[in-house]
Each structure stands twice: as C-alpha cells, then as structure tokens.
Amino acid sequence: MPRGGKKGHKGRGKQFSNPEEIDRQMKAQRELEESAGAEKEGSSESEEESSSEEESDSRKRSGVEGLIEIENPNRVSQKSKKVAEVDVSAPRELSRREREEIEKQKSKERYMKLHLEGKTEQARADLARLAIIKKQREEAAKKRDELRKEKEAEEAKAKR
C-alpha cells in the first residue's frame, strides 16, 4: 500500500522517440565516426608510438593506483625480468620448507641404511625378536617330527 498519497513508478506514461529524431542522431554519429577515422589515418605513426607508451603505463598501474601515489615501505613490487637477464645456471635459493623437506628425506635415508645394517636400536630389537621366533619355530618343528615318528612307530606295531 502506498504511504501518504505517494504513488509508485509503475503507472507512469511512456515516451516514444520520433523516427525523424532517431535518423538525425544516427547521421550525426556516422559523421563523427568518419571524421575520427580520417584523423587516425593521417597520424597513425605518431599515435602508435604514443599508444605503446600509454599501454606500458597502464600495465604498470591499473585502477586507482594511477591516481594515488603509494609509498609503503612494506610493499614488495613484483619486478618482471627479461629472458635475457634470467641466469639459469645460477643456484636457486631454497625456501625454508624445501630445505626442511630435503633434510628430512636425507635423515630418513640415513636411518634406513643404518637400520638395514642392524646398527639402530629398533633394528637390534627386531633381530632379537626374529631370533626368538626362529628358536620357537625350530622347537615346534622338532616336536612335530617326534610326534610323527611316534605315530609311525605305533602304526608299524599295529600292523604287525
């Protein structure tokens, strides 16, 4: 419901343009485009040089950066290097995470080497456990052999 006698925008009348007025506007626009095209042809070389300078400036600063000069000492600007300036043979400095990862891998390899040689505490404990298990299995195998021989001897007596 409308408040206090105010009406909404939906009931307003519509305005239509005259076809003659539209034709006049179209002609004026064409004339402007043609005159601008003629000027471009005459000074194309000088515009190419200035446009390349403008493009480099617009690439450097986009948006509000061109309007406001910022002096932030903490802001690190991204400097793009040319391919000729990049030195591929120079050693690349590793980040802290990369250094830690490489160090971790090397220590793990060192540990596995010592483990396989049996020089670590865990390897000694594993070898001791294996020795106990081998003894138990040998004893169990001997008992089975003895039981088998006893059964064969009993069967031989029963057949006689």
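Before moving on, here are some points about what is shown:
- Every residue from the stretch 128-151 that is open to solvent by 100 Å² or more (accessible area, probe 1.4 Å) and either of a type in the set (Val, Ile, Thr) or within 25 Å of residue 111 (Cα to Cα) (or both): 129
- Any hit, the stretch 88-95, residues being among the aliphatic types (A, V, I, L, M), at pLDDT below 80 and either touching a strand residue (DSSP E or B) at 6+ places or on another chain (Cβ under 9 Å) or open to solvent by 100 Å² or more (accessible area, probe 1.4 Å) (or both): yes
- Qualifying residue in the stretch 41-50 (condition: open to solvent by less than 100 Å² (accessible area, probe 1.4 Å), assigned to a helix (DSSP H, G or I) and at pLDDT 75 or above): no
The values are calculated or read from the model by the stated rules, or taken from the named source; none is laboratory data. Just so it is clear, the structure is predicted and the values come from calculations on it, not from any experiment. Positions of Cβ are backbone-derived with ideal geometry, glycine not excepted, and every protein chain shown enters the neighbour counts. Areas reflect the complete protein model, heavy atoms only, side chains present, ligands, DNA and RNA absent. Shrake-Rupley method; radii C 1.70, N 1.55, O 1.52, S 1.80 Å.
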